[in-house]
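K.L.:
Structure incoming, see below.
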Ligand SMILES: *Cc1c(COP(=O)(O)O)cnc(C)c1O
């Protein structure tokens, strides 16, 4: 057994990353400024979108996406029950109602073939989540949206590197929302980015992200002459700091290097875990690039006596940290009580939620770490 705890999702930070942040601290300009602007430019170039707006989280990006969409009380947004609560909460914060549609048990993404049955006259948008980094069926989803005149907003929190038919995810919908939370593929501590080709939405998101002011702080206090700001509407305080952006610029430069390391770990798990009573991630769809954010497995409960939760605890005893992505969102108390969701509503999501666990996949992992994870699983399940 390993003698230190393997923290799930611990980011890989290198000396030059730390140096970049230190330089911002020494510069005296900590808030939103030139580093944020640079990070936005780098990110839009990487994704291939016309605009990228940095915010202090992906949750903020999802919320502002719903706000600029003009969601009204009672408007419905279709999404997946196998996601982080931020996805659904962003709809609710803007006055809307999350309408869940079951997942495909193989891809763990929203089942595009079930979306149309959930559309009502109140439906405004579809909010697909590229689960674990696997692109959703964007051809089907975009066709449905066009047919019913719906907006698509992509939750790309897991999917920075993901591509679908040669294009980055986050460029299919009107808006794409990315996360740089500590466990994600590119980290800024906390942070997020919204991508769009729509200039009006880009301007609005910038303003809504900083109190609804018409000039951002950097322009106001630069030496180009004093500029007054004007409040155009009551916005939020969602701006990213230069301290965060400096780290983001560095991490984005290493995104493919870290990806290749995770690919090695992914392949090692595929090879070494295939004999255990686990369902491993499905093969990748043709013409897609999976972002390899989460290596999720399902415990084959027909072949073992141990429950998923007992397995999680046994792994902790072996000093291996794991994650659960996710417990079914519609069964959490708030969504049951507010929207009447109950057990049995989304059988595929519930099946997965009861069996799923995510193994460590950070680019920081050593060969020894990966070996420890495999050996611990063999010991418990073998
Ligand atoms: C992490 C995550 C978010 C929220 O990202 P933050 O940057 O932490 O706000 C939203 N959706 C999904 C699917 C996530 O995994």
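K.L.:
Identify, by number, the condition in (1) touching a residue at least 24 places away in the same chain (Cβ under 8 Å); (2) closer than 23 Å to residue 204 by Cβ; (3) more than 16 Å from the ligand (Cβ to nearest atom); (4) assigned to a helix (DSSP H, G or I) that residue 49 doesn't meet.
P.N.:
Only one criterion is unmet by residue 49, namely (4).
K.L.:
Only one of 25, 30 is surrounded by fewer than 22 Cβ atoms within 10 Å (Cβ to Cβ), more than 16 Å from the ligand (Cβ to nearest atom) and outside any helix (DSSP H, G or I). Can you tell me which?
P.N.:
30
K.L.:
For region 187-197, what are the residues that are buried (at least 20 other Cβ atoms within 10 Å of the Cβ) and either part of a strand (DSSP E or B) or away from the ligand (no atom under 11 Å from the Cβ) (or both)?
P.N.:
Just the residues of region 187-197 that are buried (at least 20 other Cβ atoms within 10 Å of the Cβ), to begin with: 187-188, 191-196.
Of everything in region 187-197, those that are buried (at least 20 other Cβ atoms within 10 Å of the Cβ) and either part of a strand (DSSP E or B) or away from the ligand (no atom under 11 Å from the Cβ) (or both) turn out to be 192, 193, 194, 195, 196.
K.L.:
List pairs: first residue in region 138-154 and in contact (Cβ under 8 Å) with a residue 24 or more places away in the chain, second residue buried (at least 17 other Cβ atoms within 10 Å of the Cβ) and in a helix (DSSP H, G or I) anywhere in the structure, Cβ distance under 6 angstrom, at least six positions apart or on different chains.
P.N.:
As it stands, the answer is 140/112; 141/112; 152/145; 153/65, since those pairs meet every condition given.
K.L.:
Additional query: For residue 357, are the conditions met, namely being in contact with a helix residue (DSSP H, G or I) (Cβ under 7 Å, 6 or more places away or on another chain), assigned by TED's automatic domain parsing to the domain that holds residue 272 and modelled with pLDDT of 95 or more?
P.N.:
yes
K.L.:
Also, I was wondering about something else. Which pairs turn up if I take residues in region 206-223 that are surrounded by 16 or more Cβ atoms within 10 Å (Cβ to Cβ) and look for partners that are modelled with pLDDT under 85 and assigned to a helix (DSSP H, G or I) with beta carbon separation below 8 Å, at least 6 apart in sequence or on another chain?
P.N.:
If the second residue must be modelled with pLDDT under 85 and assigned to a helix (DSSP H, G or I), the pairs left are 210/217.
K.L.:
Mind checking which residues of region 261-293 are buried (at least 21 other Cβ atoms within 10 Å of the Cβ), within 16 Å of residue 365 (Cβ to Cβ) and touching a strand residue (DSSP E or B) at 6+ places or on another chain (Cβ under 8 Å)?
P.N.:
265, 269, listed by residue number.
K.L.:
Being more than 23 Å from the chain's Cα centre (by Cα) and surrounded by fewer than 19 Cβ atoms within 10 Å (Cβ to Cβ), is that true of even one residue in region 35-51?
P.N.:
No, there is no match, as no residue in region 35-51 is more than 23 Å from the chain's Cα centre (by Cα) and surrounded by fewer than 19 Cβ atoms within 10 Å (Cβ to Cβ).
K.L.:
Moving to a separate point now. Residues being within 16 Å of the ligand (Cβ to nearest atom), over 27 Å from residue 14 (Cβ atoms) and out of contact with any helix residue (DSSP H, G or I) (no Cβ under 7 Å at 6 or more places or on another chain): count how many of those fall in region 144-157.
P.N.:
1
K.L.:
To continue, here is another question. Can you find even one residue in region 178-191 that is under 18 Å from residue 69 (Cα atoms) and modelled with pLDDT of 95 or more?
P.N.:
Yes: region 178-191 contains one or more residues that are under 18 Å from residue 69 (Cα atoms) and modelled with pLDDT of 95 or more.
K.L.:
Just to check your reading of the model, which residue among 275, 248 is in the same structural domain as residue 204 (by TED's automatic domain parsing) and either in a loop (DSSP other than H, G, I, E, B) or under 20 Å from residue 184 (Cα atoms) (or both)?
P.N.:
Values: 275 fails: in the same structural domain as residue 204 (by TED's automatic domain parsing).
Unique residue meeting the criteria: 248.
K.L.:
What residue, of 41, 87, 79, is in contact with a strand residue (DSSP E or B) (Cβ under 8 Å, 6 or more places away or on another chain) and either within 9 Å of the ligand (Cβ to nearest atom) or not assigned by TED's automatic domain parsing to the domain that holds residue 144 (or both)?
P.N.:
Exactly one residue qualifies, and that residue is 87.
K.L.:
Which of the residues that make up region 158-176 are within 16 Å of the ligand (Cβ to nearest atom) and farther than 14 Å from residue 65 by Cα?
P.N.:
Within region 158-176, 158, 159, 160, 161, 162, 169 qualify.
K.L.:
Can you name the number of the only condition in (1) touching a strand residue (DSSP E or B) at 6+ places or on another chain (Cβ under 6 Å); (2) surrounded by 21 or more Cβ atoms within 10 Å (Cβ to Cβ) that residue 118 fails?
P.N.:
Tallying (1) touching a strand residue (DSSP E or B) at 6+ places or on another chain (Cβ under 6 Å); (2) surrounded by 21 or more Cβ atoms within 10 Å (Cβ to Cβ), residue 118 fails exactly one: (2).
The values are calculated or read from the model by the stated rules, or taken from the named source; none is laboratory data. Just so you know, these numbers come straight off a predicted model, no measurement behind them. Methodologically, a virtual Cβ is constructed for each residue, glycine included, from the backbone with ideal geometry; neighbour enumeration extends over all protein chains shown.
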